[in-house]
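The values are calculated or read from the model by the stated rules, or taken from the named source; none is laboratory data. Note that the structure is predicted; figures quoted are calculated from it, not measured. Here the Cβ positions follow ideal geometry from the backbone for every residue, glycine too, while neighbour counts run over all protein chains shown.
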Amino acid sequence: MTRNSFSISTSTAKSPRSHTMSGPCVIFDVVGTCFGYDSVEDSLHDVLASHAATIPPKLFFSAWTSNAELDFQRLSIVEKFRSHSSLLKNAFYKTMKDAEIPEASIPGADIDLLIEQYSHNLTPRPGLSEMIQILRDGGFTVWCCSDASPERLRSYFEKAGIDMPLENLLSCDMWGGEA
């Protein structure tokens, strides 16, 4: 291995993968960094308003995603891995309880719709495509990492019309085990 390269092994029993990064490269977080939450927050605003919840949508969203992230980290630490997306519904109910919103006041179908929005319909940050192209034109390899599955990450880039090879998407799911 040279000074300008390193390897990452993402091998699991079901999916042996190894990545070698050489030359100049840059690694971005995807969810919340390359792709924003505006569309989810707008939908959340509509759902909360239609059910007379008074908590600001941005505050609820932050608490919801923080609860899911904490659950993800705790379970990973004790080697009881579950994919981040599988934790979103329970985290939503916990956030409702914390915000003193009665569980029955927001139908499960509305929650499922919000989770679908969060999982598959984040919007690219302005200039994302151009930035990636400038980096590539400058000789950089662009890598992305997240706690989302590689397939979910890939779908964000595809919907935005940005070419991002699957092998350049790194996910915590690659190290975690069975979802």
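What's the number of the condition residue 19 fails, among (1) modelled with pLDDT of 90 or more; (2) within 24 Å of residue 157 (Cβ to Cβ); (3) surrounded by 12 or more Cβ atoms within 10 Å (Cβ to Cβ)?
(1)
Can you name the residue in segment 53-62 that is among the hydrophobic types (A, V, I, L, M, F, W, C) and within 15 Å of residue 111 (Cα to Cα) and is also nearest to the chain's Cα centre (by Cα) among such residues? Walk me through how you get there before you give the answer.
Initial filter on segment 53-62 (among the hydrophobic types (A, V, I, L, M, F, W, C)): 53, 55, 59-61.
Still in the list and also within 15 Å of residue 111 (Cα to Cα): 53, 60-61.
Working: 53: 26, 60: 17, 61: 14 Å.
Restricting to residues being among the hydrophobic types (A, V, I, L, M, F, W, C) and within 15 Å of residue 111 (Cα to Cα), the top hit is 61.
Could you please tell me which pairs satisfy a Cβ distance under 8 Å, a separation of 6+ or placement on different chains, a first residue in segment 60-87 that is over 20 Å from residue 48 (Cα atoms), and a second residue that is surrounded by 15 or more Cβ atoms within 10 Å (Cβ to Cβ) and of a type in the set (Val, Ile, Thr)?
Sorted first by the residue in segment 60-87, then by its partner, the pairs are 85/115.
Checking the condition touching a Cys at 6+ places or on another chain (Cβ under 8 Å) and either within 30 Å of residue 161 (Cα to Cα) or surrounded by 11 or more Cβ atoms within 10 Å (Cβ to Cβ) (or both), which residue from 88, 122, 128, 135 passes?
Only one candidate passes the filter, namely 128.
Please determine, by comparing only the residues of segment 68-84 that are part of a helix (DSSP H, G or I) and either surrounded by fewer than 20 Cβ atoms within 10 Å (Cβ to Cβ) or assigned by TED's automatic domain parsing to the domain that holds residue 149 (or both), which one is farthest from the chain's Cα centre (by Cα).
In the first step, residues of segment 68-84 are kept if they are part of a helix (DSSP H, G or I); the result is 68-77, 84.
If we keep only those that are either surrounded by fewer than 20 Cβ atoms within 10 Å (Cβ to Cβ) or assigned by TED's automatic domain parsing to the domain that holds residue 149 (or both) as well, we get 69-71, 73-77.
On the way: 69: 10, 70: 14, 71: 14, 73: 14, 74: 17, 75: 17, 76: 16, 77: 19 Å.
Result: 77.
I'd like to verify a number: residues in segment 129-162 that are among the charged types (D, E, K, R) and over 24 Å from residue 85 (Cβ atoms), how many? Write out each step before concluding.
Taking segment 129-162 first, the residues among the charged types (D, E, K, R) are 130, 136-137, 147, 151-152, 154, 158-159.
Okay, now just the ones that are also over 24 Å from residue 85 (Cβ atoms), so 130, 136-137.
Final tally of qualifying residues: 3.
Can you tell me which residue within segment 142-158, out of those that are under 16 Å from residue 128 (Cβ atoms) and either without any contact (Cβ under 8 Å) to a residue 60 or more places away in the chain or assigned to a helix (DSSP H, G or I) (or both), is nearest to the chain's Cα centre (by Cα)?
If we take residues in segment 142-158 being under 16 Å from residue 128 (Cβ atoms) and either without any contact (Cβ under 8 Å) to a residue 60 or more places away in the chain or assigned to a helix (DSSP H, G or I) (or both), then 153 is nearest to the chain's Cα centre (by Cα).
Going by the structure shown, is residue 84 more than 27 Å from residue 158 (Cα to Cα) and either modelled with pLDDT under 85 or touching a Pro at 6+ places or on another chain (Cβ under 6 Å) (or both)? Full working, then the answer.
On the way: more than 27 Å from residue 158 (Cα to Cα): no; either modelled with pLDDT under 85 or touching a Pro at 6+ places or on another chain (Cβ under 6 Å) (or both): yes.
Taking the combined requirement at face value, the residue does not satisfy it.
Based on what the data block shows, is residue 96 buried (at least 17 other Cβ atoms within 10 Å of the Cβ), out of contact with any His (no Cβ under 7 Å at 6 or more places or on another chain) and over 23 Å from residue 45 (Cβ atoms)? First the steps, then the outcome.
Working: buried (at least 17 other Cβ atoms within 10 Å of the Cβ): yes; out of contact with any His (no Cβ under 7 Å at 6 or more places or on another chain): yes; over 23 Å from residue 45 (Cβ atoms): no.
Spelling it out, it is not the case that residue 96 is buried (at least 17 other Cβ atoms within 10 Å of the Cβ), out of contact with any His (no Cβ under 7 Å at 6 or more places or on another chain) and over 23 Å from residue 45 (Cβ atoms).
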